[in-house]
Amino acid sequence: MKRTATVTTQRAAARAALAIILALALAWRLNNIGFGLPSMYDPDEPIFMITALKLLGEGTLNPGWFGHPGSTTIYLVALIDAAVAGFGLLSGRYADVGEFARAAYADPALLFVPARVAMALLGVGAVWLTHALGKRVEGQAVGLLAAALLAVNGLHIAWSQVVRTDIHASVFMLAAMIFAVRAMAGGRLADFLWAGAFA
């Protein structure tokens, strides 16, 4: 009975520690998320934004550009752009798509900030997945330490604040590794399939 209570307390403490780490990661990644706008400091960021708008404007799923490849990021940005435009039109803030396009041209933050927030959330997801992988491989303490280190890593924070494929790809790679470790341990077909899908 006493051991069960101790285990329960340890799990609660680990959950609390992870929640603090994730909150810290989110706060760092959202801090000054609109930096550089209306100009842009990252030369690649406009490529993803313009290509996503092209998908919506032409009504196609072919981005016509596969540089990184970044199609998954481009599709995500296109969905975000459509949601922002849809909300603006449905709320009556913009009379039509043309008026919304003019507003977005005058203030790029209208589209860039929501897309950057999505990248920041993916960055927090990478911190959570790092914890999950570390915990599975070496235990709870290693998982929490790894997540804490990534949460405050300056380079990871910086890439989590711009619209690029780096963090998105990291999330997929971490998920692939988790399922690969699970497949190695249990040999379930579903784990192999998920590892391959994320890879």
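The values are calculated or read from the model by the stated rules, or taken from the named source; none is laboratory data. Everything numeric in this text was worked out from a predicted model, so none of it was measured. In this analysis, Cβ positions are derived from the backbone assuming ideal geometry, glycine residues included, and neighbour counts consider all displayed protein chains. Each accessible area value is taken on the protein alone, full model and side chains, heavy atoms only, with ligands, DNA and RNA left out. Shrake-Rupley method; radii C 1.70, N 1.55, O 1.52, S 1.80 Å.
Any chance you could count how many residues in region 10-42 are more than 23 Å from L155 (Cβ to Cβ), of a type in the set (S, T, N, Q) and outside any helix (DSSP H, G or I)?
Residues that pass the stated criteria total 0.
Among the listed residues T72, T60, identify the single one that is modelled with pLDDT under 95 and under 23 Å from M173 (Cβ atoms).
Answer to the selection: T72.
Can you tell me which residues in region 47-83 are surrounded by fewer than 21 Cβ atoms within 10 Å (Cβ to Cβ) and among the hydroxyl-bearing types (S, T, Y)?
T51, T60, S71, T72, Y75, listed by residue number.
Report every pair of residues separated by at least 6 positions or lying on different chains whose Cβ atoms are under 9 Å apart, first residue within region 83-97 and over 15 Å from P114 (Cβ atoms) and in contact (Cβ under 8 Å) with a residue 12 or more places away in the chain, second aromatic (F, W, Y) and surrounded by 11 or more Cβ atoms within 10 Å (Cβ to Cβ).
Close Cβ pairs (under 9 Å, with a partner that is aromatic (F, W, Y) and surrounded by 11 or more Cβ atoms within 10 Å (Cβ to Cβ)) do not exist here.
Restricting attention to region 98-111, which residues are open to solvent by less than 40 Å² (accessible area, probe 1.4 Å) and either touching a residue at least 40 places away in the same chain (Cβ under 8 Å) or touching a strand residue (DSSP E or B) at 6+ places or on another chain (Cβ under 9 Å) (or both)?
P108, A109, L111
Among the listed residues R116, R102, which satisfies the condition of being part of a helix (DSSP H, G or I), charged (D, E, K, R) and modelled with pLDDT of 95 or more?
When all the criteria are applied, what remains is R116.
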